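Everything on this sheet refers to the single structure shown next.
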Amino acid sequence: MVVNLQPLIQLHYLDQQIANLNHSVSRIPVQIQEFDRKLERIQRHVQEKQLLISENQKKRRELEGDVALIETKRKRYKEQLDAVKTNKEYTGLQHEIETVNQAIREIEDQILAAMEEAELFKVQIDEAQSIKDREEKVLLAEKSVIQEEGNRLELQMSELKGRRQKWLMQIPPLVLEEYERIVTHRKGIGLAEAREAICMECQMRIRPQLFQEIKRNDMIITCESCSRILFFVSPAETAKQEMDSTNP
């Protein structure tokens, strides 16, 4: 059966371009997810520093509460001094007061250490926030570029699909069915260029007489090795083929 292979050849070229674009587009979400993970990491670093500040403040409040309780106990002991009747009782209370004083000093030392720790945490969180602001700005800019590239590729792919539809209308149903069957079973590639009597997909040599028939591009001839439909593009036609593939 005589068939004009030109529409099918153009469809083949378009399908390869669409497949390449689709591969590029499929990588965009992965790249965006990586940017989001980086943003999350630097945000989490700041949050961890903020958590240290919160824990430090909580610790200081607890220590200050302990001091208040012990102060109450010391006040009670001092009030009892006026009521004691023996030296032994007085000495015992004085010992209790000194014990309480020592406990207060120890807690106050802990509060002072916590305050110094809080100052260190404040410096660290300021540094972390500065790094976050700087890196976040860069990452968001890079993410925006990737998203714009994804939109551009989507638009380009949509335009190619529109052109593909025009070529589909010029291909006989049985030929299209055969092409799609081969595409399904041959990793998305239904046609193979025959160049210098060689199939450019599987590199199998083509018989000279068969190659002459292929060069006419007027019938379905499949490669004896990879089963793809063979077609020929002369050097003079190459530029025209590329133009036709984008302007059907």
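Data overview
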quantity: Exclusive hit being more than 30 Å from Ser26 (Cβ to Cβ), surrounded by 11 or more Cβ atoms within 10 Å (Cβ to Cβ), touching a helix residue (DSSP H, G or I) at 6+ places or on another chain (Cβ under 6 Å) and not hydroxyl-bearing (Ser, Thr, Tyr), set Lys49, Lys122; calculated: Lys49
quantity: Subset of region 184-193 [crowded, with 18+ Cβ neighbours inside 10 Å and either in contact (Cβ under 8 Å) with a residue 60 or more places away in the chain or more than 41 Å from the chain's Cα centre (by Cα) (or both)]; calculated: Gly190, Leu191
quantity: Counted residues, region 151-195 - those being within 26 Å of Val25 (Cα to Cα) and not in a helix (DSSP H, G or I); calculated: 7
quantity: Candidate set from region 196-235 (those that are part of a strand (DSSP E or B) and not β-branched (Val, Ile, Thr)); member that is surrounded by the fewest Cβ atoms within 10 Å (Cβ to Cβ); calculated: Arg205
quantity: Residue in region 88-95 that is of a type in the set (A, V, I, L, M), within 54 Å of the chain's Cα centre (by Cα), in a helix (DSSP H, G or I) and in the same structural domain as Phe35 (by TED's automatic domain parsing) present; calculated: no
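The values are calculated or read from the model by the stated rules, or taken from the named source; none is laboratory data. Source: prediction; values computed, not measured. Every residue, glycine among them, receives a Cβ derived from its backbone with ideal geometry; neighbour counts consider all protein chains shown.
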